Structure formats: C-alpha cells, structure tokens
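The values are calculated or read from the model by the stated rules, or taken from the named source; none is laboratory data. These figures come from a predicted structure and were not determined experimentally. Cβ coordinates were reconstructed from backbone atoms using ideal geometry, including for glycine residues, and neighbour counts include every protein chain displayed. Surface accessibility is based on the protein's heavy atoms, side chains included, excluding ligands, DNA and RNA. Shrake-Rupley method; radii C 1.70, N 1.55, O 1.52, S 1.80 Å.
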Amino acid sequence: MTEEIILQVQDLKTYFHTDEGIVKAVDGVTFDLHKGETLGIVGESGSGKSVTNLSIINMIPNPPGKIAGGQVMYAGKDLVKLTINELRSIRGNKISMIFQDPMTSLNPYLRISTQMIETIVLHQKLDKKTAKAKAIDMLKLAGIPAPEKRIDQYPHQFSGGMRQRVMIAMGLSCNPEILIADEPTSALDVTIQAQILDLIKDLTARLGTAVILITHSLGVVAGMCDTICVMYAGRIVERGPTTEIFDKPKHPYTQGLIKSVPRLDKTSGDRLYSIRGQPPNVIDLPDCCPFYPRCDKAMDVCKRKYPLSKDVGNGHAVSCWLYTEAK
Amino acid sequence: MAEKDTLLEVKDLKMHFPIGGKGLFGGKQQYIYAVDGVNFTIKKGETLGLVGESGCGKSTTARAVAQLYRPTGGSVNLAGKELTRLNAKDLIAARKNMQMVFQDPYASLNPRMTSGDIIAEPMKIYARKGLVAMTHKEIDERVEQLMERVGLSRFFRNRYPHEFSGGQRQRIGIARALALRPELMLCDEPVSALDVSIQAQILNLFKDLQDEFGLTYLFIAHDLAVIQYISTRVAVMYLGIIAEISGSADLYKKPLHPYTQALLSAAPIPDPAIEKERKRIILTGDVPSPDKQRPGCYFYDRCWKRMDKCKAERPQLKEAEPGHEVACFLYHD
Ligand SMILES: Nc1ncnc2c1ncn2[C@@H]1O[C@H](COP(=O)(O)OP(=O)(O)OP(=O)(O)O)[C@@H](O)[C@H]1O
Ligand SMILES: Nc1ncnc2c1ncn2[C@@H]1O[C@H](COP(=O)(O)OP(=O)(O)OP(=O)(O)O)[C@@H](O)[C@H]1O
Ligand SMILES: [Mg+2]
Ligand SMILES: [Mg+2]
C-alpha cells in the first residue's frame, strides 16, 4: 500500500425509486483507495455494500436505480459522468469485478478459453494465440491443475471453488489496477475459502493490484485488509486501519458487531453479546443516526441529525455524536 | 445398550440415494452415498453440534433421523423407540417429540399463512388426530405464549411471513417447533442465513430455551465458532461419515483428525493480530463427490498426513482418548 490515491469516492449517493418509496441504498459514501491497498467493506445484509461497488463502475440498473449525487474519481475522470464506451474500456480492464456467484459472470454456454481470450484480446490488443497463452498462465497462477487442458472446458465442469479460481484468473488477466471482490468466498466452504483468500492476497500483492473486498465476515477482513469501512444503512459509519478498527472501535455499532461474533479462539461464556433490534429499512429513513434505536449510548441529538464524519487520528474516522460537538 | 440418560441413539445410519435409472440392459444401479454409516448418541439436555463442508451429509443425517427420509440402513432410537421400524401412523405420534428448524425460514414458512396460524398448525393437526388434547382456546393461548417467549409481540400474529425480517422469521420457525413440547430439536443451519447481530440474538434464544425446557439439540452449522458456542459435544462429518466426535472443549483444544485440524486452521478469526501470525493448513483439492464408496479413508486424497495403509483400508471411528473418538489410523494401534 502506498500514499498514492487511485480511486476517490466522494459523497456518493445511489437511490432506487420503488413503489414503496425511495430506497436510499447508498447515502453519502466517501473513501479513498490507495495503490496496492486492500480495503474491506463490512456490514449487514442490505447496508449498501454491493450497491456502493456497482455504483463505482456505474452498473446500477436504471430504472429503478440512479446515482443521485457524488463523484467517483479515477485517473482524473469522474466515472459517474463517463459514456458507456468510455466505461467499457475501464471495466474488466483497469477495474475488474468478481462476484459471490461466479455463474453470474461466467457464460455457461462458452468454453472458459473463449471467455478469457475474448476479454484479453479486447482490452490488451493481443493476438489470439498470445492471449490464450496468457489465459493459461493466469489459470495456472490461480491454481487450476492442468490449465492447458481445462481451459477448453465449460463452467459446469468445474467445482464451485474452481469456478471462483477461474473468475479470479479472469478478473486479473488484464492486470487491473483495482479488483472489486463482492463476497468472493461467502458461498464456499472454509477450507476452500482459505485457499481462495490466499490466492487473492498472493496474486494482488504480486501484481500490485488494489482490492476492494466486500464481505460480512469480520474474520475475513481481519486477515485480508489494510483498511476497513463499516457500513450501516447506506453510510460508512466508521473507517480506519484494520488494527485500529479491531483494537479501538469507536462506533457503538462496530463495537457491538465485534463483540457479538462467537470466536474460535475464545469461549464466549454462557451468553453472546447481542445488539438488540434489527437493521432499519432504508426506505424513507429520517435524516438522523440510523443506529440510534439499537444504540445503548443514544442521546437526544442522535434522533435529530446525522453526525458528520469526525477524524479521530491515525486515519480513523467515525460518524457518531459521541465524538462530535453537537451544534 | 444405551445409557439411561440417552435421548437419541443413532447406529450405522445409512442414506444411499439411487441416481439415474437402472440401465435397461442390466446396468448397475448407481447411488449417492450421502450418509454412509454414522454413529452417535445424544444425552438429554445436551447439544450435539454437527459440522462439515457442504455436501458432507449433515442435512441428510438430520432428515434421516427425523424419518423425513427413510434411511436405507441402520437404526434411530429416540427415547427407547426404534423409529426406523414404525409405520406411518406411529411415526406421526413419535414425531411429536422431535421437531425440525431449518436454515431458510422463508422457504420453510407457508407464505399464505399468518404467523399465528403457522405456529398453531402442528397443534391443530395433532389435536385433530387426537394425539394432543387441546381446545381451540388453549391453542390460541399457547400461540401467544410461544410468540412472546421467542421474542415476537403477540400483536404480530396476524402478519404474514414476508412482513417479518429474517431473524423474526426464524423466531416463528422456532416457536412452531416448540409448539408440541418436543424433547429433541433438529436444527439444520438455523442461523447460517442471518446477519451477525441477529445471529447472536437467535443463538442466545436457543440457549435460553434449552435451559428453560431442558431441550436436546442436534445442531447443524458450518461455522465452527457457532458450533463451539452452542455445543456440548461436536461431530465432524466428512463425505458421509463422522471423522471425529468429542466433547466440545476437547475438540477445539486438541483436534485429532487431520481434517478437523485443517478446518479449524482455515476458519478466520476476527482479530488482525492473530490472523497475521496464524499458520494455515491449506488443503489441496476439492471435496470429492459421494457417488462412490471407496476402500480407503475418504479423506485420503486431501490429507497431508496420509500413509500407505490409508489408501487400502478405511479407518473406523475409535476412542483415542476418553470420550474422544476419531476415524484415523494415526491414532489406532
Ligand atoms: N434493483 C434494486 N431495486 C430496489 N432496491 C434495491 C435494488 N438493488 C438493491 N436495492 C436495495 O438497496 C439496499 C442495499 O443493497 P445492497 O445489495 O447494496 O446490500 P448489501 O450490503 O450488498 O447486502 P448483502 O450483504 O445482502 O449483499 C437494500 O435495501 C436493497 O434492497
Ligand atoms: N434427495 C437426494 N437425492 C440425491 N442426492 C441427494 C439428495 N439429498 C442430498 N443428496 C446428496 O447427498 C449429499 C449430502 O447432502 P446434504 O444436503 O446432506 O449435505 P449437507 O452436509 O447438508 O450440505 P450443506 O452444507 O451444503 O447443506 C450431497 O452430495 C447431495 O447432493
Ligand atoms: Mg451484497
Ligand atoms: Mg445442509
């Protein structure tokens, strides 16, 4: 990880217009991604992790969705404002994405070779033969045994873990600057998960790729990430270096989350700590702290206004009235 | 002979699913050996945790115990009754004592019934068959009681499943399972689909209910930390068999089977300092498919401690230390 910022997300807002009302899926998200950094986004289901990342590469289905505000600065350009064609040259090339279910991005009717070669030829302007050699190299790096044979197989001939490896090989085949991985291991068993995470860590370190890793697993971010953003109800409520977040969590939500996970290395005693209540519906949320109904430390001001992000040092920032002077 | 305080005794349980047609010209019938000789007992008031990777046969084991699948072999003895030999009618009566809770509360709740009706349904069915003596009024009262007990307001009894969150739906499923006052609950990944903060609430609820009603659980999860938290004893499954079974504390402190060791080392711990220092046993290869029986140890292909013997012969589950059984030649003399 270096000081050089390669992606800057500023006050990003993505709303969905539905029959029930306006879903503020992402509501003012700001973060920087540095060259070679692995940044984790954690949060509960529906907190806006996937929508944040789909917004970055401008892949929000419209309608019903729309980027309602903010900027995504990459290489001097605001990705939010690019044309489809300009975006195409970036997606899959400079910024690539892998998903939880590899079958959403693999075409079941095409051989792996066809799919990989197409991408490489398109973005890297190589001839087919060189592209195939490159594809085989990537599959080998991704730990696919006998890649020169398996490359001509179809996706269904691979197991779940191997398909995820193929996805990673494809995702990294154009040496992207940024890899966005949305729950890349959530559907996999722990032993396979360990292999895949190892692979992502190893390959991206070698290629100098920055990674945005989306997951709901605190264990996964603890082992993988330099920096963590904690999302709640469409906002980043806390962000900072991984060790800071785990050692000195500031936001009551982050604190509660860390305490409520049962841990392998400790006995949790008779009862687990648990945060009461449930995450809010992000339709028609009032402009206050969305966590206050579940918060043990809620104050009057929390019900009235959303707290601005406050820098608490060491690159650690939190949005909570406990750390901000109420005005 | 089972000990006096044993509630469930499972012996050599087998569930082989036939696949494909038998070839017209005398081709051999093929099977999926989903569960292939499983033995365990659960004492009253205990929780046996069942862990293992996807497809190893956890759900099939629970379903074969519940007789939702009729096992192809072995015996299932619940409170002194041999379930595998019961006819359909006696089985219904016996099932009253044994209820299931599933992973996906949405798929397992009828979307067209209100939460109140869902919870009342088993009581109504058993009352109609004369298997429980309850009046409508008593059933109504019990529904409200159950809802309050699992943390749902009784004012929600006329709401439909889609009007509840995932955690609340799981509470409905638990209330329904409790309705007939079973001794045994078979819980198939009841917290796997839930968010961390909700998962903690539901795990606590399972523990509280156990303390209050003396419930016995067979509890399936693939999260080893969840299993550690909830279980008195733990069985680790691999490809249709039990690789290791022991007291929970023992298993986590001193895993014996190379597979258990790998599983534990692969599970992430939410602590960056620990994660940095940890040595992982990275297994190669994928879990093989259970579509054939093998002469040797089922873990042979992925084992980093395999010996020649393991290829030819299948190790049986044997006690290596008091109360700690393992199916691995490293511990058999
Ligand atoms: N196409 C859509 N139409 C309407 N609402 C949507 C759409 N896509 C997402 N949303 C809503 O936006 C919110 C954020 O969703 P998102 O998928 O980003 O959550 P997430 O944090 O990735 O959750 P998970 O952990 O379940 O993947 C949710 O409330 C979701 O229902
Ligand atoms: N009705 C069935 N017919 C044929 N095969 C089946 C049937 N049910 C399960 N199987 C197979 O039996 C094996 C064990 O499946 P089971 O669902 O018990 O695994 P599991 O351990 O519960 O996995 P998971 O963690 O994914 O839920 C799998 O290979 C599965 O495909
Ligand atoms: Mg998502
Ligand atoms: Mg299952």
Determine which member of the set A:THR185, A:THR191 is assigned to a helix (DSSP H, G or I) and within 14 Å of chain B (Cβ to nearest Cβ). A:THR191
Do we have any residue at all in segment A:68-82 that's part of a strand (DSSP E or B), away from ligand 1 (no atom under 16 Å from the Cβ) and within 14 Å of chain B (Cβ to nearest Cβ)? no
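For segment B:243-264, give me the residue count where each residue is more than 8 Å from chain A (Cβ to nearest Cβ) and either assigned to a helix (DSSP H, G or I) or in contact with a helix residue (DSSP H, G or I) (Cβ under 9 Å, 6 or more places away or on another chain) (or both).
Result for segment B:243-264: 14.
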May I ask you to list the residues in segment B:207-223 that are open to solvent by less than 10 Å² (accessible area, probe 1.4 Å) and part of a helix (DSSP H, G or I)? B:LEU209
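If you go through segment B:98-113, how many residues are of a type outside the set (Lys, Arg) and either within 16 Å of ligand 1 (Cβ to nearest atom) or surrounded by fewer than 18 Cβ atoms within 10 Å (Cβ to Cβ) (or both)?
Final tally of qualifying residues: 8.
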Does B:THR232 satisfy being touching a residue at least 40 places away in the same chain (Cβ under 8 Å) and closer than 30 Å to B:LEU330 by Cβ? yes
Matching entry among A:ILE275, A:ILE212 (being within 30 Å of A:VAL23 (Cα to Cα) and at the interface with another protein chain (Cβ under 9 Å from one of its Cβ atoms)): A:ILE275
Among the candidates A:LYS305, A:LYS266, single out the residue that is in a loop (DSSP other than H, G, I, E, B), surrounded by fewer than 16 Cβ atoms within 10 Å (Cβ to Cβ), touching a residue at least 12 places away in the same chain (Cβ under 8 Å) and in the same structural domain as A:PHE16 (by TED's automatic domain parsing). A:LYS305
So for segment A:170-185 (the condition being away from ligand 3 (no atom under 15 Å from the Cβ), under 30 Å from B:THR260 (Cα atoms), of a type outside the set (Asp, Glu) and surrounded by 22 or more Cβ atoms within 10 Å (Cβ to Cβ)), does at least one residue qualify? no
Select from segment B:41-62 the residues that are surrounded by fewer than 19 Cβ atoms within 10 Å (Cβ to Cβ) and among the charged types (D, E, K, R) and list them in ascending order. B:LYS43, B:LYS44
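So that you can scan it fast, the table gives a plain yes or no per residue for (1) among the basic types (Lys, Arg); (2) surrounded by 17 or more Cβ atoms within 10 Å (Cβ to Cβ):
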| site | (1), (2) |
| --- | --- |
| B:ALA235 | no, yes |
| B:TYR238 | no, yes |
| B:ILE241 | no, yes |
| B:LYS253 | yes, no |
| B:GLU275 | no, yes |
| B:TYR298 | no, yes |
| B:ALA312 | no, no |
Filter segment A:216-248 for residues that are within 13 Å of chain B (Cβ to nearest Cβ), open to solvent by less than 10 Å² (accessible area, probe 1.4 Å) and in a strand (DSSP E or B) and give the result. A:ILE228, A:VAL230, A:MET231, A:TYR232, A:GLY240
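Quick one: in segment B:196-206, of everything that is facing chain A (nearest Cβ under 8 Å) and open to solvent by less than 10 Å² (accessible area, probe 1.4 Å), which residue is nearest to the chain's Cα centre (by Cα)?
Going through the qualifying residues, I end up with B:LEU203.
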